[in-house]
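Worksheet for the structure shown next.
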């Protein structure tokens, strides 16, 4: 529509509005399901991916890499190096889900249409890793979300000098990230500090040493063993700021972006170590593998769960997250990150008291004001009534 003058423009706008309203009225009320944009959205953000185990690699005595391909032959969703999948599997009659970082590179989705997922067999009541180690074989089928998470390199935000700090199985996203970013960016330099308990806990060690030789000074790999044998000649103890400065130089450390992935203890320790640098928070990226348990005082509370129009009363232990309690009761709650970030489990607290770490909830101020919580990082401190959304991934598949 050309701009002419005030009155003419007003008349033309009126005609345009009437024509637009006429088109709206004549249009179908059905949402198109086969348009180009719909196909692209489904490709990038599928509601559910049906995967199967193609190959299993023993990395250490308690760490395995599972290669997952599309069970239905579909193209797998692309991802950014550092993102994770939320996997769902039926085990002992329960539908359980856990997030796992993708340890293969993004380019391998296009070249081979697969994801590598590396799982550590955790001690205690670790339902999912127990299921994977005891039942998964070649051909085993598992449901997956689309790739998710914000633990990835962003050139508009991050320095082109990265210091990656991993603890235990927290090394998995760096296996994906390091080779991907070195190949894409000539100016990129990466140092990986990998904290492990003993020498035989090291996963992907030979791969990282090979990459270090291939990329020369652009990639430095430094494993740090907490309790080494006498034959160990590398770094010992913990990943401290002094150790990092000694390895890389003070100036390089000061100008770098930090990526930290591992258990909560690693994050707490590194918070203290990195504080003297006074780096802005945007230069310290975190991925928390496992949230500390709540107050394990032995108390059992009653949790009333309202979901899908039904009400059910279950037990919830003080030291166990609400999501885990709901999952153990067979109700299959929606949960992706299980660390308070994604908001997938967002539920409304109708009645009762909880404990949580406010720094982990990822809630908006309005959410907290009107009673919304993230059950994955919330623990019961009294009897509770909770309104939980249904899980569209699971119910779209299982009904």
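The values are calculated or read from the model by the stated rules, or taken from the named source; none is laboratory data. Just so it is clear, the model here is predicted, and its values are computed rather than measured. Cβ atoms come from the backbone with ideal geometry, glycine included; neighbour counts cover every protein chain shown.
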In this structure, does residue 387 turn out to be at pLDDT 90 or above and either over 25 Å from the mean Cα position of the chain (by Cα) or in the same structural domain as residue 94 (by TED's automatic domain parsing) (or both)?
-> no
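Looking at the stretch 37-47, is at least one residue in a strand (DSSP E or B), in contact (Cβ under 8 Å) with a residue 60 or more places away in the chain and either in contact with a strand residue (DSSP E or B) (Cβ under 9 Å, 6 or more places away or on another chain) or buried (at least 18 other Cβ atoms within 10 Å of the Cβ) (or both)?
Keep residues of the stretch 37-47 that are in a strand (DSSP E or B), which gives none.
Looking for residues that are in a strand (DSSP E or B), in contact (Cβ under 8 Å) with a residue 60 or more places away in the chain and either in contact with a strand residue (DSSP E or B) (Cβ under 9 Å, 6 or more places away or on another chain) or buried (at least 18 other Cβ atoms within 10 Å of the Cβ) (or both), one finds none in the stretch 37-47, hence no.
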Please determine, by comparing only the residues of the stretch 327-351 that are farther than 26 Å from residue 102 by Cα and surrounded by 18 or more Cβ atoms within 10 Å (Cβ to Cβ), which one is modelled with the lowest pLDDT.
-> 331
Every residue from the stretch 120-138 that is outside any helix (DSSP H, G or I) and either closer than 16 Å to residue 77 by Cα or in contact with a strand residue (DSSP E or B) (Cβ under 6 Å, 6 or more places away or on another chain) (or both) | 120, 136, 138
Given (1) under 14 Å from the mean Cα position of the chain (by Cα); (2) assigned by TED's automatic domain parsing to the domain that holds residue 64; (3) more than 18 Å from residue 171 (Cβ to Cβ), number of the condition residue 134 does not satisfy | (1)
Can residue 222 be described as crowded, with 21+ Cβ neighbours inside 10 Å and in contact with a helix residue (DSSP H, G or I) (Cβ under 9 Å, 6 or more places away or on another chain)?
-> no
Say we look at the stretch 352-373 and pick out the residues that are assigned to a strand (DSSP E or B) and either under 13 Å from residue 323 (Cα atoms) or in contact with a helix residue (DSSP H, G or I) (Cβ under 9 Å, 6 or more places away or on another chain) (or both); which of these is modelled with the lowest pLDDT?
-> 356
Residue 253 being crowded, with 20+ Cβ neighbours inside 10 Å and under 30 Å from residue 217 (Cβ atoms) | yes
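Conditions tested, residue by residue: (1) within 30 Å of residue 74 (Cβ to Cβ); (2) modelled with pLDDT of 70 or more.
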site	(1), (2)
2	no, no
6	no, no
12	no, yes
19	no, yes
22	no, yes
28	yes, yes
34	yes, yes
Select from the stretch 71-100 the residues that are over 20 Å from residue 171 (Cα atoms) and surrounded by 17 or more Cβ atoms within 10 Å (Cβ to Cβ) and list them in ascending order.
-> 71, 76, 77, 88, 89, 95, 96, 97
How many of the residues making up the stretch 167-187 are over 26 Å from residue 49 (Cβ atoms) and in contact with a strand residue (DSSP E or B) (Cβ under 7 Å, 6 or more places away or on another chain)?
-> 3
In contact with a helix residue (DSSP H, G or I) (Cβ under 6 Å, 6 or more places away or on another chain) and surrounded by fewer than 22 Cβ atoms within 10 Å (Cβ to Cβ): does that describe residue 105?
-> yes
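Condition (residue is closer than 30 Å to residue 191 by Cα and either free of Cβ contacts under 8 Å to residues at least 40 places away in the same chain or within 20 Å of the chain's Cα centre (by Cα) (or both)) applied to the stretch 325-336: is it met by at least one residue? Before you say what the answer is, go through the steps one by one.
Narrowing the stretch 325-336 to residues closer than 30 Å to residue 191 by Cα: 336.
Right, trim to either free of Cβ contacts under 8 Å to residues at least 40 places away in the same chain or within 20 Å of the chain's Cα centre (by Cα) (or both) and you get 336.
Within the stretch 325-336, one or more residues are closer than 30 Å to residue 191 by Cα and either free of Cβ contacts under 8 Å to residues at least 40 places away in the same chain or within 20 Å of the chain's Cα centre (by Cα) (or both).
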Answer yes or no as to whether residue 210 is farther than 19 Å from residue 79 by Cβ, surrounded by fewer than 22 Cβ atoms within 10 Å (Cβ to Cβ) and out of contact with any helix residue (DSSP H, G or I) (no Cβ under 9 Å at 6 or more places or on another chain).
-> yes
Counting residues that are farther than 30 Å from residue 338 by Cβ and touching a residue at least 60 places away in the same chain (Cβ under 8 Å), which helices (runs of 4 or more DSSP H) fully inside the stretch 224-307 reach at least 1?
-> 241-248, 250-254
